[in-house]
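Working notes, structure below.
The values are calculated or read from the model by the stated rules, or taken from the named source; none is laboratory data. None of these values were measured; they are calculated from a predicted model. Here the Cβ is made from the backbone with ideal geometry for all residues, glycine too, and neighbour counts use every protein chain on show. We work out accessible area using only protein heavy atoms, side chains counted, and drop any ligands, DNA or RNA first. Shrake-Rupley method; radii C 1.70, N 1.55, O 1.52, S 1.80 Å.
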Amino acid sequence: MVQLTDVQKHFGSHHVLKDVTLSIAPREVVVVVGPSGSGKSTLCRCINRLETITSGSIAVDGVDLPAEGRALAKLRAEVGMVFQSFNLFAHRTILDNVTLAPIKVLGRSRKEARAEGLALLDRVGIADKADRFPAQLSGGQQQRAAIARALAMKPKVMLFDEPTSALDPEMVSEVLDVMTSLAGDGMTMVVVTHEMGFARRAADRVIFMDDGRIVEEDTPANFFDHASSPRAQAFLSKIL
Ligand code: ADP
Ligand code: MG
């Protein structure tokens with residue numbers, strides 16, 4: 001579903017992604033871990049072209065990422081992204097947040113978009129918040145709204161970049177539960193997270209990045225219990 005081949009990313013002279021080759025199968029859930037600055041966010045941002053890569057290739061569902069134009073807009077719609085900081089439109093209701101892009105980008109009718117939007121809000125457990133504004137919701141509810149908004153574009157892949165890092169501890173599980181259910185429904189997912197319980201429960205594969213490289217990849221059980229590289233072991237000793 002997602003194929004990265006020899007991807008390099010530089011910011012000026014700073015080499016941030018190094019020889020990244022990665023194949024993600026349909027329905028696969030890949031958890032990405034690694035120290036701060038190792039390139040996890042850049043990897044996600046490159047997969048949906050928020051950043052352009054320096055060289056290499058990235059294909060989603062067999063189609064190479066186009067650089068610009070309508071083809072890019074369409075492809076970006078196929079890759080949903082959820083950020084640490086929710087990024088909801090503050091002056092729009094929760095339901096409007098979910099329906100804006102389907103109406104504008106997918107050409108859905110308002111009525112159709114609202115029906116789908118309400119169903120998605122119900123799926124993430126906040127149907128009763130449809131007419132509220134983001135600031136009236138808790139962080140966990142806002143993040144669930146952000147997930148519903150991404151799902152409204154019917155993405156083929158969902159990227160989550162530390163989706164629970166900005167949340168108060170008591171709100172982490174409500175977001176992880178939505179993500180676990182999405183994984184159970186067969187969504188292809190790339191999840192950057194330090195939530196090791198989620199990784200053990202939901203991941204098919206854990207990828208450990210360090211200094212712009214994929215240093216290790218394995219099943220969660222193998223990775224957490226028998227990480228082979230010293231760098232992964234050092235990382236795990238700090239977070240477990
Ligand atoms: P992670 O998400 O693993 O913490 P990032 O992908 O955010 O790592 O960052 C990887 C490296 O790229 C860091 O050294 C960071 O400072 C650098 N970096 C990220 N975004 C930019 C940018 N827009 N311009 C310059 N350097 C950047
Ligand atoms: Mg990051």
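With respect to the conditions (1) more than 11 Å from ligand 1 (Cβ to nearest atom); (2) open to solvent by 40 Å² or more (accessible area, probe 1.4 Å); (3) within 17 Å of the chain's Cα centre (by Cα), Ser41 lacks only one, and its number is (1). Taking first residues from segment 33-50 that are closer than 16 Å to Asp61 by Cα and partners that are among the β-branched types (Val, Ile, Thr), the Cβ contacts under 6 Å between residues at least 6 apart in sequence or on separate chains come to Cys46/Ile53; Asn48/Val79. Among residues of segment 10-26 being more than 16 Å from Ile207 (Cα to Cα) and in contact (Cβ under 8 Å) with a residue 60 or more places away in the chain, the one that is nearest to ligand 1 (Cβ to nearest atom) is Val16. Identification of strands (runs of 3 or more DSSP E) wholly contained in segment 1-84 with 3 or more residues that are within 23 Å of Arg231 (Cβ to Cβ), within 16 Å of ligand 2 (Cβ to nearest atom) and out of contact with any Pro (no Cβ under 8 Å at 6 or more places or on another chain) yields 14-24, 29-33.
Taking the conditions exactly as written (within 20 Å of Ile207 (Cα to Cα) and either surrounded by fewer than 19 Cβ atoms within 10 Å (Cβ to Cβ) or without any contact (Cβ under 8 Å) to a residue 24 or more places away in the chain (or both)), does Ala59 satisfy them or not? Taking the combined requirement at face value, the residue satisfies it.
Just one of the listed residues (Gln143, Gln233) is closer than 20 Å to Asn87 by Cα and of a type outside the set (Gly, Ala, Ser), and it is Gln143. Within the set Arg27, Arg49, Arg70, the sole residue that is closer than 30 Å to Val172 by Cβ and open to solvent by 70 Å² or more (accessible area, probe 1.4 Å) turns out to be Arg27. Selection of segment 87-109 for residues being of a type in the set (Ser, Thr, Tyr) and part of a helix (DSSP H, G or I) yields only Thr99. Which one of these is touching a residue at least 24 places away in the same chain (Cβ under 8 Å), surrounded by fewer than 19 Cβ atoms within 10 Å (Cβ to Cβ) and away from ligand 1 (no atom under 16 Å from the Cβ): Asp204, Asp177, Asp225, Asp211? Selected residue: Asp204, the only one of Asp204, Asp177, Asp225, Asp211 that is touching a residue at least 24 places away in the same chain (Cβ under 8 Å), surrounded by fewer than 19 Cβ atoms within 10 Å (Cβ to Cβ) and away from ligand 1 (no atom under 16 Å from the Cβ).
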